[in-house]
1. Would you pick out the residues in the range 74-97 that are within 20 Å of His118 (Cβ to Cβ) and in a loop (DSSP other than H, G, I, E, B)?
2. Please go through the range 49-80 and pick out each residue that is loosely packed, with under 13 Cβ neighbours inside 10 Å and farther than 30 Å from Ala169 by Cβ.
3. How about the range 146-156: which of its residues are surrounded by 14 or more Cβ atoms within 10 Å (Cβ to Cβ), over 21 Å from Gly91 (Cα atoms) and under 15 Å from the mean Cα position of the chain (by Cα)?
4. If we keep just the residues of the range 90-110 that are within 26 Å of Phe144 (Cα to Cα) and more than 14 Å from the chain's Cα centre (by Cα), which is surrounded by the most Cβ atoms within 10 Å (Cβ to Cβ)?
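What follows is calculated from the coordinates using simple rules that are stated; it is not laboratory data. Small disclaimer: the values here were computed from a predicted structure and weren't measured. With ideal geometry, Cβ positions are generated from the backbone for all residues, glycine too; neighbour counts draw on all protein chains shown.
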Amino acid sequence: MSSGDRLVTSARPVASLVPGVRWHVTGQGATAVEPAHPPAAMMRAGNPVMRALLRSPAGGPMRRQFMVLRFFGRKTGRRYDIPVVAHRLDGELYALTDAAWRTNFRGGADVEVTLDGHVTRMRGQLLDDPEAVAPLYARAIDHFGAKRAQRMLGLKIHTPGTPAAEALAEAARRYHLSAIQFTVTI
């Protein structure tokens with residue numbers, strides 16, 4: 001792949017479990033933050049394993065840190081089962097992603113969330129306003145620390161600590177960094 005190619009993956013948690021794996025960085029200019037994705041082959045091989053682990057007791061403590069999202073495509077009706085990092089920020093549950101599947105949550109969508117061994121019916125709402133998304137990414141980076149956040153968020157961070165809000169908003173605009181907020185449905 002050339003440095004201008006963009007690799008789109010469905011989620012990023014698997015690479016965080018494999019030290020030393022080189023992630024593809026998009027390289028679209030000097031920014032404080034840019035996407036860094038694990039190889040597509042790793043995602044294809046690792047996501048089924050993650051889904052199985054997160055739905056069983058064998059997943060252990062990972063089941064509190066990752067979740068599986070089960071939802072249907074808005075246009076195709078295709079079923080998705082996507083393992084992602086569970087971000088608990090200010091008492092709310094989020095998935096932070098730039099993956100193409102995120103657009104299924106534009107305008108809101110029903111989703112089953114498997115987290116800590118429990119399946120909960122929820123409503124997911126896509127947040128793609130860079131000014132709203134940047135503080136969520138900042139809190140996640142603060143929570144994990146800059147080095148670990150790179151693996152957990154699928155990002156390459158070019159600053160020693162949490163990037164400034166303006167830099168995160170610019171990255172959200174440039175790379176379509178988004179959040180999906182989940183609320184329990186009754």
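1. Scanning the range 74-97 gives Ala86, Gly91.
2. Val49, Ser56, Pro57, Ala58, Gly60, Pro61, Thr76, Gly77, Arg78, Arg79
3. If the condition is that a residue be surrounded by 14 or more Cβ atoms within 10 Å (Cβ to Cβ), over 21 Å from Gly91 (Cα atoms) and under 15 Å from the mean Cα position of the chain (by Cα), then Gln150, Arg151, Gly154, Leu155, Lys156 are the ones that fit.
4. Ranking the candidates gives Glu92 first.
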